[in-house]
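Shown next, in structure tokens, is the structure this report addresses.
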Amino acid sequence: MSTKKEFRPVVAEKPENFAPTRGRGASWSPANRFEKLHVDLTDADVVDIGPETDGTRRRATQYFRDGTKSIITRNSSPDVGFETSLNPYRGCEHGCIYCYARPTHEYLGFSAGLDFESKIMVKTNAPELLRAELESTRWQPQTLVLSGVTDPYQPVERKLRITRGCLEVLAEFRNPVAIITKNHLVTRDIDILRELAACNAATVNVSVTSLDPTLQRVLEPRTTSPQGRLDAIGQLRAANIPVGVMVAPIIPGLTDHEVPNILAACAKAGAQFAGYTIIRLPWAVAPLFEHWLEEHFSDRKEKVLRRIRHLRGNRLNNYQWHRRMTGEGIFAEQIASLFKIGCRRAGIGERPTLSCRSFRRSTTQLGLFG
């Protein structure tokens with residue numbers, strides 16, 4: 001296997017010495033690794049610093065139309081657990097500082113920092129594209145993950161309803177879907193999910209990183225509170241929709257001690273299955289996360305980074321298949337044992353297997369009467 005190059009930004013820079021940006025995970029925008037021109041965000045002529053008296057900056061969210069011509073994304077990663085996914089949005093206003101998807105924004109000419117959470121690409125025609133792809137005879141029915149990169153229930157979904165439109169199409173075709181989200185808004189679509197679940201064609205994975213609302217507000221600024229996520233699990237379970245918890249990502253030295261309590265609380269709320277991953281810091285995510293630790297947990301910064309390096313072969317990130325999600329070494333083994341024992345004590349079972357047996361295609365049905 002070829003060794004990937006170490007991330008080296010085009011422009012040598014340090015984070016700006018500003019106070020954290022209100023409501024955002026990142027407080028700066030590191031240079032895009034594909035761009036040779038980089039704007040210096042310490043320049044007062046570039047940065048719009050508002051007149052707020054509390055010393056914090058604010059950054060409005062901008063939305064851009066995504067002109068994509070296809071909607072189903074495929075991957076061949078042997079350790080992901082799914083082959084196809086559907087992403088209604090690019091970028092994510094939730095602003096989770098650790099998000100491994102941040103570097104994907106660099107392909108659009110944006111930064112993995114503040115741009116990722118404040119410049120959102122919107123696929124307004126996603127339901128129509130999805131219908132066309134499912135209608136095609138080239139589509140082999142299989143589980144679609146919604147979504148594999150950014151959260152399909154980020155705040156703007158309440159107004160745009162693109163994810164709901166995609167679910168309506170999936171219900172029309174009875175194509176199985178597995179949802180991953182940190183947002184209580186998923187409960188809005190219980191009616192559609194219940195219809196799919198009746199065909200064994202839907203599961204929801206609610207991601208819970210911490211039960212501490214104070215930590216959650218700076219780690220995942222615009223996500224639903226821990227209590228709100230537990231409530232979402234309860235509502236989904238009450239509606240007979242298979243629901244589980246993703247304890248992800250586990251951050252050694254910061255959230256790993258919470259694993260048993262998260263599993264117990266989610267099981268009590270109704271979670272039937274669980275999974276976990278350990279924090280990944282690809283490309284620009286590493287300096288972003290380091291700066292975030294300095295801002296919010298300077299007393300624990302070195303401990304957390306040492307633990308991560310121990311898990312990643314003395315690096316902050318390891319791209320190797322089957323190791324990038326769970327790490328290696330004694331701390332990785334401890335976390336795996338903690339998770340396994342926590343699941344057993346909480347009575348959490350295995351993840352259900354979804355079925356494609358109910359899949360239907362309108363052109364096929366029309367053909368029966370042709």
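The values are calculated or read from the model by the stated rules, or taken from the named source; none is laboratory data. All values reported here derive from a predicted model rather than from experimental measurement. In this analysis, Cβ positions are derived from the backbone assuming ideal geometry, glycine residues included, and neighbour counts consider all displayed protein chains. In case anyone asks, the SASA skips ligands and DNA or RNA and just uses the protein heavy atoms, side chains included. Shrake-Rupley method; radii C 1.70, N 1.55, O 1.52, S 1.80 Å.
Mind checking the full-extension length gain between Lys268 and His296? Use 0.36 nm per residue of separation minus the Cα-Cα distance, one decimal, nm. Before the final figure, lay out the partial values.
On the way: separation 28, 0.36 × 28 = 10.08 nm, distance 3.09 nm.
Result for the pair: 7.0 nm of gain on full extension.
Once the Cα atoms of helix 259-269 and of the chain are each reduced to a long axis, what angle between those two axes, in degrees from 0 to 90 to the nearest 10, is obtained?
Roughly 40 degrees between the two axes.
What's the center-to-center distance, using Cα atoms, between the range 204-265 and the range 94-171 in Å?
Comparing the Cα centres of the range 204-265 and the range 94-171, I get a distance of 21 Å.
Tell me the label only: which of [x] 22.2; [y] 21.6; [z] 20.1 is Kirkwood radius over Cα pairs in Å as calculated from this structure?
Answer label, from the structure shown: [y].
Within the range 276-307, which residues have the backbone N less than 19 Å from the label spot 7 Å out from Val218 along Cα→beta-carbon, could you tell me?
Flagged as within label range: 286-307.
In nanometres, what is the gap between the two model label sites at Lys303 and Ile341, each 7 Å from Cα along Cα-to-Cβ?
2.0 nm
Most mobile of Leu281, Leu160, Leu354 per a Gaussian network model of the chain (Cα springs, under 10 Å)?
The residue with the greatest mean-square fluctuation here is Leu160.
Looking at this model, which pairs from Lys69/Lys159; Lys123/Lys182; Lys182/Lys301; Lys182/Lys340; Lys123/Lys340 are more than 29 angstrom apart at the alpha-carbon?
Numbers: Lys69/Lys159 23 Å; Lys123/Lys182 20 Å; Lys182/Lys301 25 Å; Lys182/Lys340 22 Å; Lys123/Lys340 39 Å.
The answer is Lys123/Lys340.
With each label point set 7 Å from Cα along the Cα-Cβ vector, what nm distance links His322 and Ala239?
It works out to 3.8 nm between the two label points.
With the dipole of the chain worked out from charges on the C-beta (+1 for Lys and Arg, -1 for Asp and Glu) around the Cα centre, which of Gln334, Val218, Leu108 lies farthest toward the positive end?
Gln334
Once you charge only the Cβ atoms, +1 for Lys and Arg and -1 for Asp and Glu, what is the size of the charge dipole of the chain about its Cα centre, to the nearest 20 debye?
Working: 51 positive and 40 negative charges, 187 e Å.
That gives a dipole near 900 debye.
Whenever you get a sec, compute what percent of the accessible area on the range 62-198 sits on carbon and sulfur atoms (1.4 Å probe). Before the final figure, lay out the partial values.
Numbers: 2580 of 5200 Å².
Whole-percent figure for carbon plus sulfur exposure: 50.
For the range 170-273, report the convex hull volume of the alpha-carbon atoms normalised per residue, in Å³, without decimals.
Cα-based convex hull of the range 170-273, divided per residue, equals 86 Å³.
If you split all Cα-Cα distances of the range 315-361 into 5 Å bins from zero, what percentages do you get per bin, shortest first?
5, 15, 15, 15, 15, 12, 11, 7, 5, 1
Which of Ala267, Ala171, Ala336 ends up with the largest GNM mean-square fluctuation for the chain, with Cα atoms connected below 10 Å?
The residue with the greatest mean-square fluctuation here is Ala336.
Against the longest principal axis of the chain, how steep is helix 126-135, in degrees 0 to 90 to the nearest 10, with axes from Cα atoms?
The helix 126-135 is inclined about 40 degrees to the chain.
If you look at just the Cα atoms of the range 133-177, how large are its Rg and its Dmax in Å?
Rg then Dmax for the range 133-177, in Å: 11.7, 35.
Over the range 227-370, what percent of the accessible surface lies on carbon and sulfur atoms, probe 1.4 Å? It would help to have the intermediate numbers written out before the result.
Values: 3540 of 7160 Å².
Heavy-atom surface of the range 227-370 belonging to carbon and sulfur, 1.4 Å probe: 49 percent.
Apply the Karplus curve 6.51 cos²θ - 1.76 cosθ + 1.60, θ = phi - 60°, to the phi angles in the range 343-352 and return the couplings in whole Hz, x for Gly and Pro.
5, 5, 5, 7, x, 7, x, 7, 5, x
What number comes out for accessible area per residue over the range 148-192 if the probe is 1.4 Å? Units Å², please. Working shown, then result.
On the way: 1380 Å² over 45 residues.
In whole numbers, the range 148-192 has 31 Å² accessible per residue.
Report the trypsin sites (Lys or Arg not before Pro) located in the range 59-108 that are in a DSSP loop and have at most 11 other Cβ atoms inside 10 Å of their Cβ, or state none.
On the way: sites: Arg59, Arg65, Lys69, Arg74, Arg90; in loops: Arg59, Lys69.
When the trypsin sites (Lys or Arg not before Pro) of the range 59-108 are filtered for loop state and at most 11 Cβ neighbours within 10 Å, Lys69 remain.
Give me the angle, in degrees from 0 to 90, between the Cα long axis of helix 301-311 and the longest principal axis of the Cα atoms of the chain, rounded to the nearest 10.
Taking the Cα atoms of the chain, the angle to 301-311 is about 50 degrees.
Residues of the range 60-100 with the amide nitrogen closer than 13 Å to a label point 7 Å from the Cα of Cys356, along Cα-to-Cβ, please.
Correct set: 83-85.
Starting from the Cα-Cα distance between Arg58 and Phe34, subtract it from 0.36 nm times their residue separation and give me the gain in nm to one decimal. Spell out each step's value before the answer.
On the way: separation 24, 0.36 × 24 = 8.64 nm, distance 2.69 nm.
In short, 6.0 nm is gained.
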